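The values are calculated or read from the model by the stated rules, or taken from the named source; none is laboratory data. Note that the structure is a prediction, hence the values are computed from the model and not measured. Cβ: placed from backbone, ideal geometry, glycine included. Neighbour counts: every protein chain shown. All accessible areas refer to the heavy atoms of the entire protein, side chains included, with ligands and DNA or RNA removed. Shrake-Rupley method; radii C 1.70, N 1.55, O 1.52, S 1.80 Å.
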Amino acid sequence: QVQLVESGGGLVQAGGSLRLSCAASRSIESINAMGWFRQAPGKQRELVASIMDSGATIYADSMKGRFTISRAPHRNTIFLQMSNLEPEDTAVYYCAAHRVGAREYDLWGQGTQVTVSP
């Protein structure tokens, strides 16, 4: 089956930048959207950003102006460019795909840890 693999997480100082990547192990034929989510300890998982098949993007308010989601031309690799990182951005970041026919995002990566030091 298709797998999503994230990379690029790590430790960064406040104000720094990171670029996360998510690659599918093979082509995904029908996708409504792909997105990045994050979950910090004791907090609910939240949407960071998503990109629709059309290329339209959605961002959570707290990420607007700081994070940018993009995709490779083949559409099965997405990126999350993060700038001006803050300690509250510390979380496990997950890549996910909402495949056609599924009610919600149904394919998830293993997650990558992002830690922002003060």
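Taking region 57-77 as the search range and keeping residues that are charged (D, E, K, R) and assigned to a loop (DSSP other than H, G, I, E, B), which one is modelled with the highest pLDDT? Talk me through it step by step, then tell me what you get.
Keep residues of region 57-77 that are charged (D, E, K, R), which gives 61, 64, 66, 71, 75.
Subsequent filtering for residues that are assigned to a loop (DSSP other than H, G, I, E, B) retains 64, 66, 75.
Values: 64: 79, 66: 95, 75: 75.
Out of the qualifying residues, it is 66.
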Report summary line: Going through (1) surrounded by fewer than 14 Cβ atoms within 10 Å (Cβ to Cβ); (2) without any contact (Cβ under 8 Å) to a residue 60 or more places away in the chain; (3) within 16 Å of residue 10 (Cβ to Cβ) one by one, residue 90 fails only at (1)
Query raised in the report: What's the number of the condition residue 54 fails, among (1) more than 20 Å from residue 5 (Cβ to Cβ); (2) in a loop (DSSP other than H, G, I, E, B); (3) touching a Leu at 6+ places or on another chain (Cβ under 9 Å)?
Result: (3)
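Taking region 22-44 as the search range and keeping residues that are of a type outside the set (A, V, I, L, M) and open to solvent by less than 30 Å² (accessible area, probe 1.4 Å), which one is nearest to residue 109 (Cα to Cα)?
Residues of region 22-44 of a type outside the set (A, V, I, L, M): 22, 25-27, 29-30, 32, 35-39, 41-44.
Pick out the ones that are also open to solvent by less than 30 Å² (accessible area, probe 1.4 Å) and you get 22, 35-38.
Numbers: 22: 8, 35: 11, 36: 10, 37: 10, 38: 12 Å.
Once the filter is applied, the top-ranked residue is 22.
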Query raised in the report: Going through region 45-73 one residue at a time, which ones are polar (S, T, N, Q) and open to solvent by less than 60 Å² (accessible area, probe 1.4 Å)?
Result: 50, 70
